[in-house]
Amino acid sequence: MVDFISGKRWAIGLVSALVVTWGFMDGASHAQTDPRSQLRIDFDKAVKGKTVAWVPITMGTPIDQIWTAVMQSHFDKYGIKFIVRDPNFDSNAQLQAVTSLINEKPDVLIVQNINVSLLARELKRAMENGIYVIQVNMMSNQPSDAYVGVDNVDSGRLIAKDIVAQCGGGKSSGKVAIVQGEATSAGSLDQLKGAMEVFAADKSIKVVSTQAANWDANKANEITATVLRQHPDLCATYGHWGIMQQGAAQAVKAAGLQGKVKVYASSDGPRSDCEMVEQGLFYKVLSYRADIQGMQIADAVLTLLQSGEKPGAKRLTLLSNNFWVTGPAERHYCYDLSLTQ
């Protein structure tokens, strides 16, 4: 009897163990075959533990700060290591940072090009070394795996068309001044190209100045003050970056021409640019919301890591939308830098 009972208990234990084992195996099999579960498993496998390196032009501006904060929040959530190297507007330092990072072999390299030629060779070398390359807002002459940013040529056209509507056709002197950023950057080259296409089609428009302020508000102020002394009947000034163009707006105000000279800017959408519109210092800004761009950059990283493609095999383009800001009703097209705190 004892042997029978012991044997029975052993048999029951064996059956129970088999049931548990089969249940575990069935659960594992279910996780592998359930497409909803499998999506997250595949996602984590593709992105977790990867390294993303980011080299802006400088971390001293709102646009780079908001991009970085948004990317950091995404990458932290998904277990991605995030490296930032700040060249602080120094072209040699930016080139050295990119060269050093290529040797460290991150999975993805993100850059904001100072100009169209500085990083071209190194970006090509990065892709040849198995590193995905994403360029932000200003492209080099070397295409890469992805570009995230505005269509700067189209931005130039949009702003120029509005200037023509306000200043052309004999409604004013037709005089326009353009304040470029860095003259060899894609942001300036492309915006200038788009704007000049439009201005050339209207004989009443006279572009009296196209000078580079190198993204510096003080330089934009000096340039604009000089232009206003030479052309007090200027109809509009157009700057290739809002924070830089704030200097031009202050020159217009100091000359007693606020409201007479229309100040336009292409803007990444910091709150200060919206406030300039509300104060009447800017006539209009065309905002592309850098905080939304930060999300687009993170999405480009996640897309490339999951693609299985070899770096350099394909080129993705994620274009940012433009939004006119003309007053308080469009405040939502500017971001709050306190989000980075």
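The values are calculated or read from the model by the stated rules, or taken from the named source; none is laboratory data. All of these numbers come straight from a predicted model, not from anything done at the bench. Neighbour counts run over all protein chains shown; Cβ positions are idealised from the backbone, glycine included. Side chains included, ligands, DNA and RNA excluded: accessible areas come from the protein's heavy atoms. Shrake-Rupley method; radii C 1.70, N 1.55, O 1.52, S 1.80 Å.
Checked against the criteria, Ser209 counts as surrounded by fewer than 24 Cβ atoms within 10 Å (Cβ to Cβ) and assigned to a strand (DSSP E or B).
Under the condition of being of a type in the set (Gly, Ala, Ser), open to solvent by 10 Å² or more (accessible area, probe 1.4 Å) and under 22 Å from the mean Cα position of the chain (by Cα), the residues counted in the range 247-275 number 1.
Matching residues to (1) among the charged types (D, E, K, R); (2) under 18 Å from Asp162 (Cα atoms):
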position	(1), (2)
Asp233	yes, no
Ala236	no, yes
His240	no, yes
Gln245	no, yes
Lys253	yes, no
Val261	no, yes
Ser266	no, yes
Pro270	no, no
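For beta carbons closer than 7 Å, sequence separation of 6+ or different chains, a first residue in the range 324-335 that is basic (Lys, Arg) and a second that is buried (at least 17 other Cβ atoms within 10 Å of the Cβ), the qualifying pairs are Arg331/Cys274. Inside the range 138-190, residues that are assigned to a helix (DSSP H, G or I) and open to solvent by 10 Å² or more (accessible area, probe 1.4 Å) make up a count of 12. Scanning the range 234-246 for any residue that is open to solvent by less than 10 Å² (accessible area, probe 1.4 Å), among the polar types (S, T, N, Q), in contact with a Lys or Arg (Cβ under 9 Å, 6 or more places away or on another chain) and not in a loop (DSSP other than H, G, I, E, B) turns up at least one such residue.
Per the conditions (1) touching a residue at least 40 places away in the same chain (Cβ under 8 Å); (2) surrounded by fewer than 20 Cβ atoms within 10 Å (Cβ to Cβ); (3) under 22 Å from Ala183 (Cα atoms), the sole criterion not satisfied by Gln306 is (3). When the range 91-137 is filtered for residues that are under 26 Å from Asp291 (Cα atoms), in contact (Cβ under 8 Å) with a residue 60 or more places away in the chain, aliphatic (A, V, I, L, M) and not in a loop (DSSP other than H, G, I, E, B), the ones remaining, listed by number, are Val108, Ile110, Val133, Ile134, Val136. Inclusion of Ala17 among residues that are in a helix (DSSP H, G or I), more than 21 Å from the chain's Cα centre (by Cα) and modelled with pLDDT of 90 or more is not warranted.
Does the range 212-233 hold any residues that are surrounded by fewer than 16 Cβ atoms within 10 Å (Cβ to Cβ) and touching a Ser or Thr at 6+ places or on another chain (Cβ under 6 Å), and which are they? Scanning the range 212-233 gives a single hit, Asp233. Across the range 67-116, which residue is surrounded by the most Cβ atoms within 10 Å (Cβ to Cβ) among those that are within 29 Å of Asp336 (Cα to Cα) and among the acidic types (Asp, Glu)? Looking at the filtered set, the residue picked out is Asp86. Within the range 311-337, if we keep just the residues that are assigned to a loop (DSSP other than H, G, I, E, B) and farther than 12 Å from Cys274 by Cβ, the residue that is most open to solvent (accessible area, probe 1.4 Å) turns out to be Arg315. Restrict the check to the range 158-167 and report whether at least one residue is within 26 Å of Gly242 (Cα to Cα) and among the small types (Gly, Ala, Ser). Checked the range 158-167: at least one residue is within 26 Å of Gly242 (Cα to Cα) and among the small types (Gly, Ala, Ser). Looking only at the range 276-303, residues that are in contact (Cβ under 8 Å) with a residue 24 or more places away in the chain, over 21 Å from the mean Cα position of the chain (by Cα) and open to solvent by 40 Å² or more (accessible area, probe 1.4 Å) come to 2 in all.
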